[in-house]
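Please treat every number below as a calculation from the coordinates, not as lab data. Bear in mind that the values here come from a model prediction, so they are computed numbers and not experimental data. Note that each Cβ is placed from the backbone with ideal geometry, even for glycine, and that neighbours are counted across all protein chains shown.
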There are 2 protein chains.
Amino acid sequence: MIFSSALIETAVNEFARMPGIGKKTALRLVLHLLKQEPAQVQQFSDAIARMRQQIKFCKQCHNVSDEDICSICASHTRNKDIVCVVENIRDVMAIENTQQYNGLYHVLGGIISPIDGIGPDQLNIHSLVERVQQQGTAEVIMALSPTIEGDTTIYYLSKKLKDYPVKVTTIARGIAFGGELEYADEMTLARSITNRLPLENYMQK
Amino acid sequence: MIFSSALIETAVNEFARMPGIGKKTALRLVLHLLKQEPAQVQQFSDAIARMRQQIKFCKQCHNVSDEDICSICASHTRNKDIVCVVENIRDVMAIENTQQYNGLYHVLGGIISPIDGIGPDQLNIHSLVERVQQQGTAEVIMALSPTIEGDTTIYYLSKKLKDYPVKVTTIARGIAFGGELEYADEMTLARSITNRLPLENYMQK
């Protein structure tokens, strides 16, 4: 692509580095911004820079947060006896959107996947065991994607937790095998949380 | 969508204001940026803010430019006797990408479209007539999308230019009627410039 402006070229190249955005889409976005008021574009630019600079990760559950402890962990109305284990912060948002879950979360930051070189040590597993131990958590819900990696992670975590008096459950298999949690519709996802099973049932299938 | 972070919510909403970007895509982009180094996100944010603040529009051809006069108008190697009239700066880029055109441009900033309330006065038509008059332009190529609005604009411009000794041509109809200039493949677009026709031929069809 030939640009007559280095300013535009730089902006297009920056947009085109994002996933799913090619050069043509990047150009379309840049030309859209060019048509906006400078103050509005500044607001857009500031929101992005501020988000990345100021974002924190909750010291307890590793969810994204504006404070050291996230608003979910800090809430007085949530049930602190239940911890829902998820792969990433998108899954937290997906479950929050169902408005069916009132416990806390624990964001693993991935799932065990030897192919991608992700072992238990790269994940927030130690802090989960510590939470269960220190806080006497009554139930841990495994809300991981129903894939082989997800199952491996559930199995690993259940071994780690077996010495503590905690009930380990999994969300119901309402989601098709191989499906991605974040793309499930809210109805299915909500039901899979409501109908969660004790781990024994899950393993028998 | 429920966010546990106001920083993320603001950033997602800003992204979602752009054309073709919904809330889910906006969230995907924001989460991607979250995973990048802060310095890299700052660079992205700066490129956008700087682009909008510092961009100029060429005083001669109205193309986007880093200076008062754009690099195309200022170039010593381009043929200043030919002016190619286009609707917007995307069309300039599309034609530049063919690498088949060595003249100058004139960006109208739209086409005459009574339905959208765009009349000749909202477009850079006066400055085109002035250019032709003052610079003794030898040829004006109409490179407008082959739609009714494009044809109306060509007709209007040809009337405005008829008192000057300038040859008015149109790019060849290689592009399907109703098609958008910017989405044409480079081959077709290049050929349509090479095979441009005197306006008489075009009107007869």
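Computed quantities for the displayed model
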| quantity | calculated |
| --- | --- |
| Per-pair calculated FRET efficiency, R0 = 25 Å: residue A:23 and residue B:42 via Cβ, rounded to 0.05 | 0.65 |
| Position residue B:38, label points 7 Å along Cα→Cβ, spacing to each other copy in nm (shortest first, one decimal) | 2.8 |
| Cβ-placed point charges (K, R +1; D, E -1), dipole of the protein assembly as shown about Cα centre in debye, nearest 20 | 200 debye |
| GNM flexibility winner over chain B from B:131, B:90, B:17 (Cα, springs under 10 Å) | B:17 |
| Across the identical copies, how the residue B:20 labels are spaced - nm, sorted shortest first, 7 Å along Cα→Cβ | 1.3 |
| For segment B:13-166, diffusion coefficient by Stokes-Einstein and Kirkwood Rh (Cα), 25 °C, 0.890 mPa s, µm²/s | 137 µm²/s |
| Ascending list, in nanometres, of distances separating the residue A:110 label from those of the other copies (7 Å, Cα toward Cβ) | 5.2 |
| Segment B:79-129: translational diffusion in µm²/s, Stokes-Einstein, Kirkwood Rh over Cα pairs, 37 °C, 0.692 mPa s | 278 µm²/s |
| Cross-link partners of residue A:24 among aspartates and glutamates (Cα-Cα below 17 Å; sequence separation of 8 or more within a chain) | A:9, A:14, B:91, B:96, B:180, B:182, B:185, B:186 |
| Anchor residue A:162: aspartates and glutamates whose Cα lies under 19 Å away (excluding residues fewer than 8 positions away in-chain) | A:81, A:121, A:130, A:139, A:151, A:200 |
| Proximal charge balance of residue B:73 [Cβ under 11 Å; K/R count +1, D/E count -1] | +2 |
| Cα lying deepest toward the dipole's positive end in chain A, options A:105, A:75, A:194, charges on Cβ | A:194 |
| For the axis carrying chain B to chain A: nearest C-beta residue of B, whole Å | B:45, 2 |
| FRET efficiency, residue B:32 to residue B:134 (Cβ-Cβ, R0 60 Å, nearest 0.05) | 0.75 |
| Fraction of the pair-distance distribution of segment B:43-83 above 14 Å, Cα-Cα pairs, percent | 54 percent |
| Ellipsoid semi-axes in whole angstrom, largest first, where each is sqrt(5λ) of the Cα gyration tensor of segment A:6-54 | 18, 15, 9 |
| Amide hydrogen neighbours beyond the local backbone of residue B:141, cut-off 5 Å, H modeled | B:83, B:84, B:85, B:169 |
| Interatomic Cα distance distribution for segment A:78-204, bins of 10 angstrom, percent | 13, 49, 34, 4 |
| For segment A:102-109, Karplus couplings with θ = phi - 60° (6.51, -1.76, 1.60), whole Hz, Gly/Pro x | 10, x, 9, 10, 9, 8, 6, x |
| Relative contact order for chain A, counting Cα pairs under 8 Å that sit 6 or more residues apart, in percent | 15 percent |
| Potential extension, residue B:75-residue B:126 segment - 0.36 nm per residue separation minus Cα distance | 16.0 nm |
| Over 20 Å between alpha carbons, listed pairs B:80/B:167; B:59/B:159; B:59/B:80; A:35/B:59 | B:59/B:159 |
| Within chain B: Cβ-based charge dipole about Cα centre, in debye rounded to nearest 20 (Lys, Arg +1; Asp, Glu -1) | 120 debye |
| Using alpha carbons only: equivalent-ellipsoid semi-axes of the protein assembly as shown, gyration tensor based, whole Å | 59, 21, 17 |
| Among A:185, A:91, A:116, residue whose mean-square fluctuation peaks in a GNM of chain A (springs only between Cα atoms under 10 Å) | A:116 |
